[in-house]
Amino acid sequence: MRKLTYILIAVQIVLMSCNQVDNDLTEWNKIKNEKDFSAFFNFAIATEDSLLISECIDSLEKYKPKNGCLVLKYYDYYNETEDTILNSGFNLYDKCGLHENIKSRNIIFVNIDENNVVEIEYSDSSFLNYHNLLHTLFDTIGESYSLPEFFITTFEDREYIARKLITFISLEISPDTINKKSSWETVIKANKLVLESYDKVRDSKAQEIFSSEFMNLESSEKKLIINLVPVYLENNFYFSFINIPPPPPPPCEY
């Protein structure tokens, strides 16, 4: 009986996997002839099919942003004023002429260099594990200039601290070189890591406050957790926030 149960479970897993592959192939066929970089990137994040990812990467390289003004943003947060959860997926935005006043203590910097080395920095300190850093920053209740800013939100007459935090991923993908540039595989993996880390932190908060996984919460409870752990993510092309080149030497005086 136990052997039959294992066989049935294995068959169910195979069928689910086949359905996912079929769904991914259907979705890819819808977008593969488009010239939509954002659509390609969202697909690459969602699928686990290595062959489709390979095709998608070819499209990402072909239709990548051509100038540094274009950034790829993702957000998922709760708007208290409108009582709405806002989720953008990954979309390109033009930042030319825009001035964003974001304090450095509210930013985690992730840089992928031309050799696919991933560096993580927060408050001028380097870190090896993004998830642990993220969990620590959202879990702390302290107030200092070395921690992200916060605001107070209430739920059922109880106050909670909500941190303000954004992750900037910078990619060194020079348009003029072929062999030395951040690979799209590493870029996709880094973005997946960020999103998966936020999911884990939200699950941790849900367990801490409601003793339940995030996905099993009621709508109002999910809104609280999303408000406490909002996701703001931005990919910047052709520029490193960490490996900033030194200024040129002063001109020689004769």
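The values are calculated or read from the model by the stated rules, or taken from the named source; none is laboratory data. The structure presented is a predicted model; accordingly, all values stated were derived computationally and were not measured. Quick reminder, even Gly has a Cβ in these numbers, built from the backbone with ideal geometry, and neighbours come from all protein chains shown. In case anyone asks, the SASA skips ligands and DNA or RNA and just uses the protein heavy atoms, side chains included. Shrake-Rupley method; radii C 1.70, N 1.55, O 1.52, S 1.80 Å.
Quickly run through the stretch 67-91 and pick out the residues that are open to solvent by less than 30 Å² (accessible area, probe 1.4 Å), more than 18 Å from Val187 (Cα to Cα) and either among the aliphatic types (A, V, I, L, M) or part of a strand (DSSP E or B) (or both).
Across the stretch 67-91, the qualifying residue is only Asp76.
Considering only residues that are at pLDDT below 95 and of a type in the set (A, V, I, L, M), look in the stretch 166-177 and name the one that is surrounded by the most Cβ atoms within 10 Å (Cβ to Cβ).
Among residues in the stretch 166-177 that are at pLDDT below 95 and of a type in the set (A, V, I, L, M), the one surrounded by the most Cβ atoms within 10 Å (Cβ to Cβ) is Leu171.
Count, please, the residues in the stretch 49-66 that happen to be of a type in the set (Gly, Ala, Ser) and crowded, with 18+ Cβ neighbours inside 10 Å.
Matching residues across the stretch 49-66 total 1.
Going by what's in this entry, would Ile152 be described as out of contact with any helix residue (DSSP H, G or I) (no Cβ under 9 Å at 6 or more places or on another chain), at negative phi and among the β-branched types (Val, Ile, Thr)?
For Ile152, the condition - out of contact with any helix residue (DSSP H, G or I) (no Cβ under 9 Å at 6 or more places or on another chain), at negative phi and among the β-branched types (Val, Ile, Thr) - is met.
List every residue pair whose Cβ atoms lie under 6 Å apart, where the two residues are 6 or more positions apart in sequence or sit on different chains, the first residue falls within the stretch 222-241 and is surrounded by fewer than 21 Cβ atoms within 10 Å (Cβ to Cβ), and the second residue, located anywhere, is not in a strand (DSSP E or B).
Tyr238/Gly68; Phe239/Gly68; Ser240/Glu172
Scan (1) out of contact with any strand residue (DSSP E or B) (no Cβ under 9 Å at 6 or more places or on another chain); (2) open to solvent by 40 Å² or more (accessible area, probe 1.4 Å) for the single condition Glu159 breaks and write down its number.
The single condition Glu159 does not satisfy is (1).
Residue by residue through the stretch 86-118, note down the ones that are within 21 Å of Ile45 (Cα to Cα) and of a type in the set (A, V, I, L, M).
Leu86, Leu92, Ile108, Val110, Ile112, Val117, Val118
In the stretch 128-145, how many residues are among the aromatic types (Phe, Trp, Tyr) and open to solvent by less than 40 Å² (accessible area, probe 1.4 Å)?
2
Quick one: how many residues across the stretch 115-127 are on the phi < 0 side of the Ramachandran plot and open to solvent by 80 Å² or more (accessible area, probe 1.4 Å)?
Of the residues in that region, 2 qualify.
Every residue in the stretch 17-44 that is open to solvent by 30 Å² or more (accessible area, probe 1.4 Å), in a helix (DSSP H, G or I) and either more than 20 Å from Leu195 (Cβ to Cβ) or of a type in the set (Val, Ile, Thr) (or both), please.
Within the stretch 17-44, Ser17, Cys18, Asn19, Val21, Asp22, Leu25, Thr26, Asn29, Lys30 meet the criteria.
Kindly list the number of the only condition in (1) modelled with pLDDT under 95; (2) closer than 21 Å to Val231 by Cβ; (3) in contact with a Lys or Arg (Cβ under 8 Å, 6 or more places away or on another chain) that fails for Cys69.
Result: Cys69 passes all but (2).
Just checking, which of Asp94, Asp113, Asp139 is in contact (Cβ under 8 Å) with a residue 24 or more places away in the chain and in contact with a Cys (Cβ under 9 Å, 6 or more places away or on another chain)?
None of the others qualify; the one that does is Asp94.
Does Ile188 count as part of a helix (DSSP H, G or I) and under 18 Å from Tyr75 (Cβ atoms)?
no
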